[in-house]
Amino acid sequence: MQECIDQKVYQAEVDNLPAAFEDGSINGGDRPGGSSLSIQTANPGSHVEIRAAYIGTTIIIRQTAGQLSFSIKVAEDVARAFSAEQDLQLCVGGCPPSQRLSRSERSRRGAITIDTARQLCKEGLPVEDAYFHSCVFDVLTSGDPNFTVAAQAALEDARAFLPDLEKLHLFPSDAGVRLSPATLLAPLLSGLLVLWLCIQ
């Protein structure tokens with residue numbers, strides 16, 4: 001909506017989750033309708049919400065367990081309105097080397113067994129759905145039990161976004177995939193939960 005809103009860029013990194021766009025503004029500009037794009041912070045430095053009311057979109061960006069995660073609520077027609085050639089990317093530059101997990105670092109921190117990861121995730125996510133399995137994957141992969149908080153936050157975002165709470169819990173069997181210990185290690189990520197994505 002170029003006639004209503006100035007183009008805005010939001011950039012976040014671990015330990016730098018600003019409460020404003022790159023130009024320092026917190027809305028879409030002075031044009032009519034500019035207030036329909038806004039940034040709000042629920043918890044400075046760890047939780048930012050970008051609302052684009054004119055296209056029915058909300059983006060929540062969180063820093064949890066030393067990583068960034070995001071949740072997006074967007075209308076399907078808006079999400080499909082752009083072709084691959086258009087530059088609408090959430091993660092432009094990938095994760096910086098300092099944010100990548102190395103196997104040797106994970107070994108130094110100590111491995112977490114699958115039973116321990118399941119038990120840790122079960123404390124905050126009692127339903128064994130996609131959020132639970134993503135939590136288990138992240139805790140196993142990182143060796144960091146703090147990733148349970150990120151999975152719980154993603155579920156909390158989904159509760160806020162979904163008008164029909166019957167659709168809240170996404171089960172792998174709903175997609176025709178049965179879970180077994182072998183498939184558990186695959187990253188079963190919902191559309192709302194991407195724990196390893198760095199936003200740049």
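At-a-glance table
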quantity: Gain upon complete extension [residue 20, residue 46; 0.36 nm per residue less C-alpha separation]; calculated: 8.0 nm
quantity: Per-pair calculated FRET efficiency, R0 = 25 Å: residue 159 and residue 115 via Cβ, rounded to 0.05; calculated: 0.35
quantity: Added length on full extension, which subtracts the Cα-Cα distance from 0.36 nm per residue, residue 57 to residue 146; calculated: 29.2 nm
quantity: Potential extension, residue 128-residue 11 segment - 0.36 nm per residue separation minus Cα distance; calculated: 38.8 nm
quantity: Sum of side-chain charges, residue 43 neighbourhood, beta-carbon under 13 Å (Lys, Arg +1; Asp, Glu -1); calculated: -1
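Bear in mind that the values in this text are calculations on the coordinates, not laboratory data. Just so it is clear, the structure is predicted and the values come from calculations on it, not from any experiment. Don't worry about glycine lacking a Cβ; one is built from the backbone with ideal geometry, like all the others, and counts go over all protein chains shown.
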